[in-house]
Amino acid sequence: MRFETGQTTVGSAGTAVQLNASASTMVKELQVKALAGNSGVVYVGGSTVSASTGWELSAGQTFTLTYQGETINANTFWVDAASSNDKVAWSMLVNG
């Protein structure tokens, strides 16, 4: 296992952005945090994430997803935001 981290900016509100584009990176645990300086909420989900389908995070809130005995491709996770240029920090515990 190894630990990967990064930050993702949603440049345009309403346009989903992939957290990690790697199809070969297999994730055991994901944590996403909406940065404290954000002006609006962010949404975590799959490629079709939006305000109506995503897990909503206000500034400073964190979302954690753990796969018990399983893994999922890193490119599965996307974020969107209510305000342009809002950001999330993320960490992934991955195989490898």
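Residues in the range 12-42 that are within 12 Å of Ala81 (Cα to Cα) and under 14 Å from the mean Cα position of the chain (by Cα): Thr15, Ala16, Val17, Ala34, Leu35, Val41, Val42.
Selection of the range 58-78 for residues being part of a strand (DSSP E or B) and more than 18 Å from Gly11 (Cβ to Cβ) yields Thr62, Phe63, Thr64, Leu65, Thr66, Ile72, Asn73.
Go through the range 20-61 and give me each residue that's exposed (fewer than 13 other Cβ atoms within 10 Å of the Cβ) and closer than 18 Å to Gln7 by Cβ. Ala21, Ala36, Gly37, Ser39, Ser58, Gly60, listed by residue number.
Summed over the range 50-64, the residues that are within 10 Å of the chain's Cα centre (by Cα) and over 17 Å from Lys87 (Cβ atoms) give a count of 1.
What number of residues in the range 21-48 are part of a loop (DSSP other than H, G, I, E, B), within 25 Å of Asn95 (Cα to Cα) and touching a strand residue (DSSP E or B) at 6+ places or on another chain (Cβ under 7 Å)? Here the count works out to 4.
Readers should treat all values here as calculations from the given coordinates under stated rules, not as data from a laboratory. Note that the coordinates shown come from a computational prediction; the quantities given were computed from them, not determined experimentally. Every residue, glycine as well, gets a Cβ built from its backbone with ideal geometry; the counts of neighbours run over all protein chains shown.
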